[in-house]
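J.: Take this structure, written in C-alpha cells, and hold onto it; I'll ask about it next.
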Amino acid sequence: MDLNTVLTVSSARSRDDLAALGPTVVPLAGGSDLFGEPQTHLTGLVDLQTLGWEPLTVTADGLDIAATCTIAELSRLPEAIGLAAHPLFFQCAAALYGSFKIWNVATVGGNLCASLPAGPMTALAGALDGEVLLWRADGSDERLRAVDFVTGNQANRLEPGDVLRSIFLPGSTLVSRTAFRRIALSPLGRSGTLLIGRADADGGFVLTVTAGTVHPVQLRYDSAPSASALARDIAAIDSWFTDAHGAADWRRAVSGVLGEEIRAELAQGQSNPGYSWEDARDEVRA
Amino acid sequence: MRLAVNGSPVEAPAAPGQCLRSFLREHEHFEVKKGCDTGDCGACSVLVDGTPVHSCVFPAFRAEDTDVTTAAGLGLPGTLAPVQQRFVDAGGFQCGFCTPGMVITASTLTEHDHDDLPRLLKGNLCRCTGYRSIADAIRGTHTPADGSACAPVGTPVDAPAATLGRVIRTGKVGTSLRAPASERIVSGQEPYTLDVAVPGLTHLSVLRSPHAHARIRSIDTREADALPGVHAVLSHADSPATLYSTGRHEDRLDDPDDTLVFDRVLRFRGQRVAAVVADTVAIAEAACRLISVEYELLPAVFDPAEALLPGAALVHGDKNAAESRLADPGRNLVAELHGEYGDLEAGLVEATRLVTGDWQTQRVAHTQLETHATIGWLEDDRLVLRTSSQVPFLVHREICRLFDLDPAGVRVFTARVGGGFGGKQEILTEDVVTLAVLKTGRPVQYEFSRTDELTAAPLRHPMRVKVTLGATDEGRLTALKVGVLSDTGAYGNHGPGVMFHGTSESVSLYSVPNKRVDAQSVYTNNLPSGAFRGYGLGQVIFGIESAVDDLARDLGMNPFDLRRLNCVGPTDPLVVTQVEGDDLIFGSYGLDQCLDLAQAALARGNGVAAPDGPEWQIGEGMATAMIATMPPRGHFAHASVTLEPTGRYTVRVGTAEFGNGTTTVHAQLAATALVIDPGLIDILHSDTDASGYDTGAYGSAGVVVAGKAVLRAATLLAEKLRAGTAGPAPVSAEADEYGARRSVAFNVQAFRVAVSTLTGEVRILQSIQAADAGVVMNPDQCRGQIEGGVAQAIGSSLFEEVILDGVGRVTTSVLRNYHIPLLADLPVTEVYFAETTDALGPLGAKSMSESPYNPVAPALANAVRDAIGIRPYELPMSRDRIWRLMHPGA
C-alpha cells in the first residue's frame, strides 16, 4: 500500500549513509513487510538494496547471507554433496506465508527483522546455529546468536538506527542432517508451529521451536534424547501463545507430536556420511 | 522516473512511499486491481522484467528502467494469449476481479509446475469459483462434474447420468455459453467500480471510532480544515437528521431506521466519526489525523445474552421503538419471533427419542475481492453515483429520501461488481459520498480498505442455535423446537430479516406435527452484522441438521433415510410456526433425487484413500437444505428487449452482475426466445437511467425474477417480429415480473473425511453436492456457483473467523489473519443435478446461488462426528478446536 507519510527515500551507498536512520526513518529491503501494513509513524526510508551486498558468500567457515538476499535467491541455493541441511532452504522458504511472488522481493534479513513468531528465516537461522551481524547506530558491530535475535512477537535486539547486516550459517551445521515439520490451521497457512531438528556429526541433537512460541526456543542435547525426555522438554516450554493462527494449548500439543516425528526421523536416518564443510563448500561455490 | 508498461514508455514521478500498484492505476492501468493492499490476495500481480510480484508491496521507485507487464500486456480481446484463452474456455472466473492477477501468475507457470499449483497459487485468492475451474484453466484440462480424473479439453467424457457431461455452447438455455465479458475480464479490460479516470477527482477518508460506545463531546476540525488540499471536513454537524438503515430491501420498512450518516453517538469501534474530502488520499488521511475529538465513554455490552439482561448498557436506548421499528430498544431487542404450531409439549411427551444441543456460529466476512467503493459527481446538476452495489435501485431510492432529492435528479449505476455475497446489499459508501459531493460540488471517490471490510463492514450474523428434537422409535419426528439468539451488532441492518429467514426454510423442511420457534435479534456494541449468502439459513441449518444427524445415530438409522422419512414432500404444507403463505409453492420437487444422487456418489466413493497412520479416523456425513427461490413480499424486475436498426438486440434489465452470471443467462434466455445468436445481444444493466427497475441482485433473484422478465420481454418481441406488424427497427417489447409466487430449491451435501486425532486436522477425502436447480440454464456456470458456494462454506466451516477481543475490537484485520480458502484448501466437489422442471421459474429454472452454501457446515460436522465420535458444536471446526474436543483438559 502507499506509505503516504513517507516523504523521503534515500539510497544507501555506504555505511555512512545509514546515519539517516532513526525512530521515523527505517531501512527498506524488499518492502513486502513495510509496504504490507500502515506505517503512519514513518517519514523516511533508507534503501539497503543500493548497498550492493553480495547475497550469498561461501566462506572458509560457512555461508554468509546478506540481509538483503531474497528468499528466492536463498531457495535456489544449489544442492551439493555433503550439504545435508540443504533441504531446509526450500522448506523454510515454502513455510513463508507469502507466495513465491513474495519470495522474489522479500529478504532473509527482512523476515528476521519483522520478527513474527512464524518467520521461517528466523527458524532457519536459529536451527543452524546461525549468527547475526548487527551494525549498531554508533558504528560498532555486534554478533549475536540468531536464536537470541528475536525476543518476542515482533520484537528483536535492534534499536532505532541499527541495521541487520548479515546472517552467518556455520559450515559445521550445514553438513548436519536435519528434519523439518510444521503445521498450521490450514494446509499452507501461516505456521502455527514450526520445528527443525538437527543431528550433528558429534552426535549432538538440537531441536529449534518457532511459530508456536513468541520467540525461538532451542532444546540442545549431547546425544539424541529419548522420546519421553524430548516430550517432557517440549511440554516444559512456557512461551506458547494464542492468536488467529492457533491456540496455545494446541500449539504445545502438536509441537510434541511433531518433535517426536523429528526425533524418530533423525534416529532412523543413516549416520552422517562423514562429509565436512571443507568437502561441501567447493561444490557450493561452483 | 521512466519505465515501460506493456511495451509503452511511461515517464512520471513516483511518490517516495508509493507502491507500484497505485502508480500503475494512476496511469490508467486499471487492469491492476487492489484486493487487499497487503501482498496477500494477488489481484495486483504484475511482471517486473519478467518476474512476478505483488505490485501493492513493490516500491514504485524500484520500477525505474524496468519493463512492467500487466494482464493487458499478455493479450487483449481478439488477440488473447493462450493462457488467457484457457481461462475463457474453462470459465476460470466468476466476478473476474482476481482474474488479471491470476492470469499474470499463471503466465509464469509451465507444465512442470502443474503438480505444484497449491503452493504456486497460494498468493492468488479467488472468492467465487472454488478454484477447480482455475486449475483447469491453468492445466488446460476439463475436470468432469463427477470429479473423476481430468481429461484434456475437447475430449468427450463418459460421465454418469445426471452429471454435466460434455460442455456444449450453442448459446441456448441448457448449454454452457461463456460469460459475455470473458475476453475483457481475462485481459483486465472489463471496468469495475473504480476503473475509470474522472477529471478533478477528490478522495474521501474516514476517521473511525476508537471506542465501542461513546458520545462525541466536542470535535475540533480547524487544523484539518486548514491543511492545503482539503475541501471539506464532515461530521455530525453536517449530517442529515433522517434515520435510515444501511441494509436495503424492496420494502424499506424491513430494516430498522437506526443509523445516521454521522452520529454523535458511536456504538462500535470503527463507526464513522468524521470524514475529510481532499485532493489526494494522502492529504485526506493526514487531515483525519489532525481532527481532535473529545469522547465521553459510555458503558458497553458485547455478549448478546447479557445485552438482554436488566441493567445492560443500551445500544439504542435513545430510539423510539415505533419510529425505528424496534421490538424493544429498552432491552436491546431489535426483533423477535415466538410461535408454535401444533402442541410442542405433546410432541415431546409422545417422543421416545430426544435429541438436544446448543450450536454456535462465528462471524464470517464476505471477502468479495472488490471492496466497497463509490465515485460520485454532479452532471448537469444531477447527482451521479457509480457504486459497487448489488442494489443500485434501492440505493437510489434511499439516497433520495435521506437527502431529500428529486429522484429524477439522481442516477445510480454499477459497472461490473467484483463480488458481493450479500455484503453489497448495504449503503456503506454512497451516503457519505453523496454528502461530500453535495457539500463540495466536486467528484468524490471513497474506497474501503480491506481492513475497513474486516473491521467495520457488516459481517455474517453470529448465532446461538438451540435445537430439541423428539421422535418415535421408528424415526418419525414428533417435535421440533428451535431457539435462536442472533447478535446483530451495533446496528439493526438485516437483523430482523436474517432472523426470520434463518428460521424459515430450515424449519419448514421437516414435516413435524409440533414445532416451536423462539428467536431474538439483539443489539450489542460489536461491529454490525448484515446480509450474507444464505441469509441466516446456514446458521440455523447448522444446528438443525446436526441434531437430525444425532437422532439418526440414536436410532441407528441411515441419515439419508431419516430425511426421506421426515422431510416435506411435494404435497405437504410448508410450516414454520404456521402454514406459510399461498405465495410459496412447490413449483417442482427434487429433494428425493438429490438424496439419491448424493447417497449413490458417497457409496461409489472416489478412490481417494485416507492418509496412512492409526491417528487418522474416517467418517461420512451429510446434510440437507431447502431455500425459497426468491425473497418474500415482492421482488420486482422490469426488462425490455429491443431490435436495433443495426440488427443487434439490446436487453435492458436492472439487476447487477457481480459474478453470479446473470448476464450470461439473460443473454441465453433472450437468444432462446428470439432464436438468435447470443453474440447479437448487448445487455445494459444496473443503471437507474438506462435499465428498467430491479429490486436488486439478492435473494438469488437474478434468474428467477429478472431472468423471467427478460424472457417474457424477449418472447413478446419475438411475437411482434414474427407477426410482421412491428414496422421498422427499433422495435421493443417490455415485461415485468413481480415475484408474487415463489418455489423451493433443494441442496444435499455429503462428505467423507479423515480426521487426525493427534492434530485435529480435517482432511476432506470426498465432497459431493446434489442440487435441485430446476432446468439448468447454463450447466458450467451453475456448476461454478455450486462449487463456489461449497468452497465459501468450507471456509466458514474449517478456517474463517473474524475474532473480537471481547470488547469489540477486531484482531483479524488483514487477510493474512483472516484465512479464506486457497486452492490448497479445497477438494474438487462432485456436482450432480436433479432433473426437475419448475412451474414458476423461466423455462423451468430455479435459483442456485445462495443455497449451495447452506448444507455444507453441518454435513462436514456430521462427518467429523462420525470420524471421531465427538460432536462439534462450534464453528469454525479449526484444527485447534477439533483437537481440543478429543483432548479435553490437555
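The values are calculated or read from the model by the stated rules, or taken from the named source; none is laboratory data. Note that this is a predicted model, so its numbers are computed, not measured. Glycine gets a Cβ as well: all are built from the backbone with ideal geometry, and neighbour counts include every protein chain shown.
J.: With the condition being polar (S, T, N, Q), I'd like the helices (runs of 4 or more DSSP H) fully within the range B:778-890 carrying at least 2 qualifying residues. First the steps, then the outcome.
T.: Details: elements: B:779-794, B:856-868, B:879-886.
Helices (runs of 4 or more DSSP H) meeting the threshold: B:779-794.
J.: If you take the residues in the range B:775-803 that are touching a Pro at 6+ places or on another chain (Cβ under 8 Å) and of a type in the set (Val, Ile, Thr), which one is surrounded by the most Cβ atoms within 10 Å (Cβ to Cβ)?
T.: Per the stated criteria, the residue is B:Val790.
J.: Can you find, within the range A:19-39, the residue that is nearest to the other protein chains (Cβ to nearest Cβ) among those that are under 20 Å from the mean Cα position of the chain (by Cα) and not in a loop (DSSP other than H, G, I, E, B)? Break it down into steps so the answer makes sense when it comes.
T.: Here is the first cut: in the range A:19-39, the ones under 20 Å from the mean Cα position of the chain (by Cα) are A:27-34, A:36.
Those left that are additionally not in a loop (DSSP other than H, G, I, E, B): A:27-28, A:34, A:36.
On the way: A:Pro27: 13, A:Leu28: 7, A:Leu34: 8, A:Gly36: 5 Å.
Selected residue: A:Gly36.
J.: Looking at the range B:215-236 only, could you name the residues that are assigned to a helix (DSSP H, G or I) and either surrounded by 20 or more Cβ atoms within 10 Å (Cβ to Cβ) or charged (D, E, K, R) (or both)?
T.: Of the residues in the range B:215-236, the ones assigned to a helix (DSSP H, G or I) are B:222-226, B:236.
Answer for the range B:215-236, where residues must be assigned to a helix (DSSP H, G or I) and either surrounded by 20 or more Cβ atoms within 10 Å (Cβ to Cβ) or charged (D, E, K, R) (or both): B:Arg222, B:Glu223, B:Ala224, B:Asp225.
J.: Let me ask something else about it. Within the range B:45-80, track down each residue that is of a type in the set (Val, Ile, Thr), in contact with a strand residue (DSSP E or B) (Cβ under 6 Å, 6 or more places away or on another chain) and crowded, with 24+ Cβ neighbours inside 10 Å.
T.: Across the range B:45-80, the qualifying residues are B:Val46, B:Val68, B:Thr70.
J.: Still on this model: When you check A:Ala229 against the structure, is it over 21 Å from the mean Cα position of the chain (by Cα), farther than 18 Å from B:Trp883 by Cα and more than 14 Å from every other protein chain (Cβ to nearest Cβ), yes or no?
T.: Details: over 21 Å from the mean Cα position of the chain (by Cα): yes; farther than 18 Å from B:Trp883 by Cα: yes; more than 14 Å from every other protein chain (Cβ to nearest Cβ): yes.
The answer is yes for A:Ala229.
J.: Right, something else. Here's a check for you: in the range B:348-398, which residue that is at pLDDT 95 or above and of a type in the set (Asp, Glu) is surrounded by the most Cβ atoms within 10 Å (Cβ to Cβ)?
T.: Pass one, the range B:348-398, residues at pLDDT 95 or above: B:348-379, B:382-398.
Then drop every residue that is not of a type in the set (Asp, Glu), which leaves B:350, B:358, B:370, B:379, B:398.
On the way: B:Glu350: 16, B:Asp358: 13, B:Glu370: 30, B:Glu379: 9, B:Glu398: 22.
The extreme case among them is B:Glu370.
J.: Which fully enclosed strands (runs of 3 or more DSSP E) of the range B:694-774 have 3 or more residues being β-branched (Val, Ile, Thr) and crowded, with 24+ Cβ neighbours inside 10 Å?
T.: Output list reads B:744-756.
J.: Still on this structure, please answer the following. Determine, yes or no, whether A:Ala94 is within 14 Å of chain B (Cβ to nearest Cβ), surrounded by fewer than 24 Cβ atoms within 10 Å (Cβ to Cβ) and within 23 Å of B:Val46 (Cα to Cα).
T.: Numbers: within 14 Å of chain B (Cβ to nearest Cβ): yes; surrounded by fewer than 24 Cβ atoms within 10 Å (Cβ to Cβ): yes; within 23 Å of B:Val46 (Cα to Cα): yes.
Answer is yes for this residue.
J.: Exactly one condition in (1) buried (at least 22 other Cβ atoms within 10 Å of the Cβ); (2) touching a residue at least 40 places away in the same chain (Cβ under 8 Å) is false for A:Arg15; which is it?
T.: (1)
J.: Which residues, taken from the range B:405-457, are more than 26 Å from B:His231 (Cβ to Cβ) and more than 23 Å from the chain's Cα centre (by Cα)?
T.: Answer for the range B:405-457, where residues must be more than 26 Å from B:His231 (Cβ to Cβ) and more than 23 Å from the chain's Cα centre (by Cα): B:Pro407, B:Ala408.
J.: Can you name every residue in the range A:104-128 that is surrounded by fewer than 24 Cβ atoms within 10 Å (Cβ to Cβ) and under 14 Å from the mean Cα position of the chain (by Cα)? Give the derivation first.
T.: Within the range A:104-128, the subset surrounded by fewer than 24 Cβ atoms within 10 Å (Cβ to Cβ) is A:104, A:114-116.
Listed by number, the residues that qualify are A:Ala114, A:Ser115, A:Leu116.
J.: Is it the case that A:Asp16 is at pLDDT 95 or above, more than 9 Å from chain B (Cβ to nearest Cβ) and either touching a helix residue (DSSP H, G or I) at 6+ places or on another chain (Cβ under 7 Å) or not in a loop (DSSP other than H, G, I, E, B) (or both)?
T.: Details: at pLDDT 95 or above: yes; more than 9 Å from chain B (Cβ to nearest Cβ): yes; either touching a helix residue (DSSP H, G or I) at 6+ places or on another chain (Cβ under 7 Å) or not in a loop (DSSP other than H, G, I, E, B) (or both): yes.
It is true that A:Asp16 is at pLDDT 95 or above, more than 9 Å from chain B (Cβ to nearest Cβ) and either touching a helix residue (DSSP H, G or I) at 6+ places or on another chain (Cβ under 7 Å) or not in a loop (DSSP other than H, G, I, E, B) (or both).
J.: So which of A:Leu3, A:Leu63, A:Leu45 ends up being in contact with a strand residue (DSSP E or B) (Cβ under 6 Å, 6 or more places away or on another chain), within 14 Å of another protein chain (Cβ to nearest Cβ) and under 29 Å from A:Ala211 (Cα atoms)? Steps first, answer last, please.
T.: Working: A:Leu3 fails: in contact with a strand residue (DSSP E or B) (Cβ under 6 Å, 6 or more places away or on another chain); A:Leu63 fails: within 14 Å of another protein chain (Cβ to nearest Cβ).
None of the other options fit; the residue is A:Leu45.
J.: Test each condition in (1) farther than 23 Å from A:Asn156 by Cβ; (2) of a type in the set (S, T, N, Q); (3) buried (at least 24 other Cβ atoms within 10 Å of the Cβ) for A:Thr59 and report the one that comes out false.
T.: Of everything listed in (1) farther than 23 Å from A:Asn156 by Cβ; (2) of a type in the set (S, T, N, Q); (3) buried (at least 24 other Cβ atoms within 10 Å of the Cβ), A:Thr59 misses just condition (3).
Results for (1) more than 20 Å from the chain's Cα centre (by Cα); (2) closer than 30 Å to B:Glu835 by Cα; (3) away from every other protein chain (no Cβ under 14 Å), shown as yes or no for each residue.
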| position | (1), (2), (3) |
| --- | --- |
| B:Ala718 | yes, yes, yes |
| B:Leu721 | yes, no, yes |
| B:Gly724 | yes, no, yes |
| B:Ala750 | yes, yes, yes |
| B:Leu758 | yes, no, no |
| B:Ile764 | yes, yes, no |
| B:Gln769 | no, yes, yes |
| B:Cys782 | no, yes, yes |
| B:Tyr818 | no, no, no |
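J.: Residues in the range A:76-91 that are within 14 Å of chain B (Cβ to nearest Cβ) and assigned to a helix (DSSP H, G or I): how many? First the steps, then the outcome.
T.: In the first step, residues of the range A:76-91 are kept if they are within 14 Å of chain B (Cβ to nearest Cβ); the result is A:76, A:90-91.
Applying the additional criterion that residues be assigned to a helix (DSSP H, G or I) yields A:90-91.
Selection size over the range A:76-91: 2.
J.: Go through B:Arg166, B:Arg208, B:Arg248 for me and flag whichever is modelled with pLDDT under 95 and among the basic types (Lys, Arg). Full working, then the answer.
T.: Values: B:Arg208 fails: modelled with pLDDT under 95; B:Arg248 fails: modelled with pLDDT under 95.
So the residue among B:Arg166, B:Arg208, B:Arg248 that is modelled with pLDDT under 95 and among the basic types (Lys, Arg) is B:Arg166.
J.: Quick test for you: out of B:Ser504, B:Ser508, pick the one residue that is over 30 Å from B:Leu314 (Cα atoms) and at pLDDT 95 or above. Give the derivation first.
T.: Details: B:Ser504 fails: over 30 Å from B:Leu314 (Cα atoms).
Residue meeting the stated conditions: B:Ser508.
J.: Restrict the check to the range B:467-484 and report whether at least one residue is buried (at least 24 other Cβ atoms within 10 Å of the Cβ) and outside any strand (DSSP E or B). Working first, answer last.
T.: We begin by selecting, within the range B:467-484, every residue buried (at least 24 other Cβ atoms within 10 Å of the Cβ); these are B:467, B:469-471, B:477, B:479-480, B:482, B:484.
When the remaining residues are screened for being outside any strand (DSSP E or B), the result is none.
No - not one qualifying residue is present in the range B:467-484.
J.: Can A:Gly110 be described as within 28 Å of A:Gly161 (Cβ to Cβ), more than 8 Å from chain B (Cβ to nearest Cβ) and not in a strand (DSSP E or B)?
T.: Numbers: within 28 Å of A:Gly161 (Cβ to Cβ): yes; more than 8 Å from chain B (Cβ to nearest Cβ): yes; not in a strand (DSSP E or B): yes.
Judged against the criteria, A:Gly110 is a match.
J.: Within the range B:563-583, is there a residue that is closer than 30 Å to B:Thr387 by Cβ and buried (at least 23 other Cβ atoms within 10 Å of the Cβ)?
T.: Residues of the range B:563-583 closer than 30 Å to B:Thr387 by Cβ: none.
Among the residues of the range B:563-583, not one is closer than 30 Å to B:Thr387 by Cβ and buried (at least 23 other Cβ atoms within 10 Å of the Cβ), which makes the answer no.
J.: Looking for whichever is surrounded by 20 or more Cβ atoms within 10 Å (Cβ to Cβ) and of a type in the set (Asp, Glu) here; the options are A:Glu79, A:Glu131. Which one fits?
T.: Numbers: A:Glu79 fails: surrounded by 20 or more Cβ atoms within 10 Å (Cβ to Cβ).
Of A:Glu79, A:Glu131, the one residue that is surrounded by 20 or more Cβ atoms within 10 Å (Cβ to Cβ) and of a type in the set (Asp, Glu) is A:Glu131.
J.: From (1) touching a His at 6+ places or on another chain (Cβ under 9 Å); (2) small (Gly, Ala, Ser); (3) closer than 21 Å to B:Gly621 by Cα, pick out the condition that doesn't hold for B:Ala471.
T.: Exception for B:Ala471: condition (1).
J.: Okay, moving on. Take the residues in the range B:30-83 that are more than 12 Å from every other protein chain (Cβ to nearest Cβ) and acidic (Asp, Glu), then tell me which one is farthest from A:Asn4 (Cα to Cα).
T.: B:Asp67
J.: Residues B:Ala286, B:Ala307: which one is within 14 Å of chain A (Cβ to nearest Cβ), farther than 27 Å from B:Ile399 by Cα and crowded, with 20+ Cβ neighbours inside 10 Å?
T.: Details: B:Ala307 fails: within 14 Å of chain A (Cβ to nearest Cβ).
Going through B:Ala286, B:Ala307 in turn, the sole match is B:Ala286.
J.: Tell me which residues, restricted to the range A:55-75, are among the β-branched types (Val, Ile, Thr), part of a strand (DSSP E or B) and in contact (Cβ under 8 Å) with a residue 24 or more places away in the chain.
T.: Of all residues in the range A:55-75, those among the β-branched types (Val, Ile, Thr) come to A:57-59, A:65, A:68, A:70-71.
Of the ones still in play, those that are also part of a strand (DSSP E or B) are A:57-58, A:65, A:70.
Within the range A:55-75, A:Val58, A:Ile65, A:Thr70 qualify.
J.: Could you please find all residues in the range B:518-562 being of a type in the set (D, E, K, R) and in a strand (DSSP E or B)?
T.: Selection gives B:Asp518 alone.
J.: Return yes or no: is B:Pro876 within 14 Å of chain A (Cβ to nearest Cβ), within 22 Å of the chain's Cα centre (by Cα) and not polar (S, T, N, Q)? Step through it out loud before you land on a result.
T.: Values: within 14 Å of chain A (Cβ to nearest Cβ): yes; within 22 Å of the chain's Cα centre (by Cα): yes; not polar (S, T, N, Q): yes.
Yes, satisfied.
J.: Which one of the conditions (1) touching a Leu at 6+ places or on another chain (Cβ under 8 Å); (2) surrounded by fewer than 23 Cβ atoms within 10 Å (Cβ to Cβ) does B:Tyr341 fail to meet, given that it meets all the rest?
T.: Checking B:Tyr341 against (1) touching a Leu at 6+ places or on another chain (Cβ under 8 Å); (2) surrounded by fewer than 23 Cβ atoms within 10 Å (Cβ to Cβ), the one that fails is (1).
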